[in-house]
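So the structure is just underneath, and the comments pick up after that.
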Amino acid sequence: MSLFDLPLDRLREHRSASVEPEDFDAFWAKTLGEARSHDLDARFERRAGTGLATVDVYDVTFAGFGGHPVKGWFVVPAGAAEPLPLVVQFIGYGGGRGLAHTHLLWASAGFAHFVMDTRGQGSGWRVGDTPDPVGSGPAFPGFMTRGIEDPYAYYYRRVFTDAVRAVEAARSHPLADPARTAVIGESQGGGITLAVGGLIPDLAAIAPDVPFLCDFPRALTVTDRNPYREIGNYLKTHRGRSDRARATLAYFDGVHFAARGRAPALFSTALEDMTCPPSTVFAAFNSYAHPDKTIEVYDFNDHEGGGPFQEAVQLGWLPGKLGA
């Protein structure tokens, strides 16, 4: 794959055509208010017999959207006794929280690490344990079009709410320092990271890698790769519903959450990424409100982005933001 999107100099100036709904803040305040009417009920059960000597693992359940139980992992350095800087991580499209031993990096670096399972997913490339008990109208296979004609029914309303509650659950553990909290994620996890960064005002840092769910007006026209193509395939069948779908997506566009970002941010993008085209990532980056922001650009990579190289950048960046 060669370069297909805008040249880098134009990417650095690109702005999304997405129009922010007038009631964007009211919509999310109502949504989170409804979720918080349910007891968070965060339960951390120590997992024995993992075979891991350097970390302690907790199997977590908390109440997300609608009070529905959502799973997660909480991993800390073995024997930790004092509150630690906290990293909350969100998962890429189709994956789940997986097995505990796959989440060793951040605890090994001295952080408390919380990994949220994604409702209804966890069967594409890594297992998950959280069902989505809410139904939807007709949808194209995948998650992108579930409830797409009504923002109150849209799938990602539930996921983004779960993610805010995941931060609240992680912060409730005595080994996590709420004042030193970062959120991170790759692809879908990066899009969720941007949403959480716009909805929680007191984070210390965010790090969205090759984020998905950004600049929907451009994403739907510049790439024909899934998952964005799920929306095109839905509208291909449901003719005449494009305006309604686009109106829903505006409530979930990372560009609008980025405009509310209040924490230092480390982005990444890849110039040959046809899953999350670089113009859509730069649209969010260029809209990001906090002045302390930077973006790593991987010029010959597709959606794998920086991979372990980006993790190394994060390992050098996050401690300074979290006082670790």
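The values are calculated or read from the model by the stated rules, or taken from the named source; none is laboratory data. Note that the structure is predicted; figures quoted are calculated from it, not measured. Methodologically, a virtual Cβ is constructed for each residue, glycine included, from the backbone with ideal geometry; neighbour enumeration extends over all protein chains shown. With ligands, DNA and RNA removed, areas are computed over all heavy atoms of the protein, side chains included. Shrake-Rupley method; radii C 1.70, N 1.55, O 1.52, S 1.80 Å.
So, in region 280-300, exactly how many residues are within 19 Å of residue 214 (Cα to Cα), assigned to a loop (DSSP other than H, G, I, E, B) and of a type outside the set (Gly, Ala, Ser)? Talk me through it step by step, then tell me what you get.
Of the residues in region 280-300, the ones within 19 Å of residue 214 (Cα to Cα) are 280-290, 293-298.
Filter again for assigned to a loop (DSSP other than H, G, I, E, B), leaving 288-290.
Retained after the next criterion (residues that are of a type outside the set (Gly, Ala, Ser)): 288, 290.
Within region 280-300, residues that are within 19 Å of residue 214 (Cα to Cα), assigned to a loop (DSSP other than H, G, I, E, B) and of a type outside the set (Gly, Ala, Ser) number 2.
With 137, 122, 191 as the choices, which residue is at pLDDT below 95 and buried (at least 20 other Cβ atoms within 10 Å of the Cβ)?
So the residue among 137, 122, 191 that is at pLDDT below 95 and buried (at least 20 other Cβ atoms within 10 Å of the Cβ) is 122.
Run residue 98 past the list (1) under 27 Å from residue 305 (Cβ atoms); (2) open to solvent by less than 40 Å² (accessible area, probe 1.4 Å); (3) free of Cβ contacts under 8 Å to residues at least 60 places away in the same chain; (4) not in a loop (DSSP other than H, G, I, E, B) and report the number of the one that doesn't hold.
Every condition holds for residue 98 apart from (4).
Considering every residue within region 119-134, establish whether at least one is part of a helix (DSSP H, G or I) and either closer than 23 Å to residue 259 by Cα or without any contact (Cβ under 8 Å) to a residue 40 or more places away in the chain (or both).
No; the residues of region 119-134 include none that is part of a helix (DSSP H, G or I) and either closer than 23 Å to residue 259 by Cα or without any contact (Cβ under 8 Å) to a residue 40 or more places away in the chain (or both).
So in region 1-14, with the set limited to residues that are surrounded by fewer than 12 Cβ atoms within 10 Å (Cβ to Cβ) and among the charged types (D, E, K, R), which one is nearest to the chain's Cα centre (by Cα)? Even if it seems obvious, please write down each step before you answer.
Filtering region 1-14 down to residues surrounded by fewer than 12 Cβ atoms within 10 Å (Cβ to Cβ) leaves 1-2, 7, 9-10, 13.
From what is left, the residues that are among the charged types (D, E, K, R) are 9-10, 13.
Numbers: 9: 27, 10: 26, 13: 24 Å.
Filtering first and then ranking leaves 13.
Conditions: (1) exposed (fewer than 13 other Cβ atoms within 10 Å of the Cβ); (2) not in a loop (DSSP other than H, G, I, E, B). Residue 53 meets all but one. Number of the miss?
(2)
Report, ordered by the first and then the second residue, all pairs with beta carbons closer than 6 Å, sequence separation of six or more or different chains, a first member in region 71-85 that is free of Cβ contacts under 8 Å to residues at least 40 places away in the same chain, and a second member that is surrounded by 11 or more Cβ atoms within 10 Å (Cβ to Cβ) and among the aliphatic types (A, V, I, L, M).
Final answer for the pair search is 77/107; 78/55.
Do you know which residues across region 64-90 are surrounded by 22 or more Cβ atoms within 10 Å (Cβ to Cβ) and either of a type in the set (S, T, N, Q) or out of contact with any Lys or Arg (no Cβ under 7 Å at 6 or more places or on another chain) (or both)?
Matches in region 64-90: 74, 75, 76, 84, 87, 88, 89, 90.
Which residue is farthest from residue 255 (Cα to Cα), if the candidates are limited to region 8-30 and must be small (Gly, Ala, Ser) and assigned to a loop (DSSP other than H, G, I, E, B)?
Let us first name the residues in region 8-30 that are small (Gly, Ala, Ser), namely 16-18, 26, 29.
Narrowing further to those that are assigned to a loop (DSSP other than H, G, I, E, B): 16-18.
On the way: 16: 7, 17: 10, 18: 8 Å.
So the residue we want is 17.
Which of the helices (runs of 4 or more DSSP H) found entirely inside region 180-249 contain at least 1 residues meeting this: among the basic types (Lys, Arg) and out of contact with any helix residue (DSSP H, G or I) (no Cβ under 9 Å at 6 or more places or on another chain)? I'd like the intermediate steps shown before the answer.
Working: elements: 188-199, 216-222, 228-237, 242-249.
Ranges flagged: 228-237, 242-249.
Can you confirm whether residue 311 is part of a helix (DSSP H, G or I) and acidic (Asp, Glu)? Let's see the steps before the verdict.
Working: part of a helix (DSSP H, G or I): yes; acidic (Asp, Glu): yes.
Yes; evaluated as a whole, the condition is true for this residue.
Right, residue 42: within 29 Å of residue 260 (Cβ to Cβ) and open to solvent by 50 Å² or more (accessible area, probe 1.4 Å) or not? First the steps, then the outcome.
Details: within 29 Å of residue 260 (Cβ to Cβ): yes; open to solvent by 50 Å² or more (accessible area, probe 1.4 Å): no.
Answer is no for this residue.
Can you name the number of the only condition in (1) part of a helix (DSSP H, G or I); (2) in contact with an Asp or Glu (Cβ under 8 Å, 6 or more places away or on another chain); (3) exposed (fewer than 15 other Cβ atoms within 10 Å of the Cβ) that residue 320 fails?
Every condition holds for residue 320 apart from (2).
Yes/no per residue for (1) closer than 26 Å to residue 153 by Cβ; (2) hydrophobic (A, V, I, L, M, F, W, C); (3) modelled with pLDDT under 95:
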| position | (1), (2), (3) |
| --- | --- |
| 235 | yes, yes, no |
| 238 | yes, no, no |
| 250 | yes, yes, no |
| 263 | no, yes, no |
| 269 | no, no, no |
| 275 | yes, no, no |
| 283 | yes, yes, no |
| 305 | no, no, no |
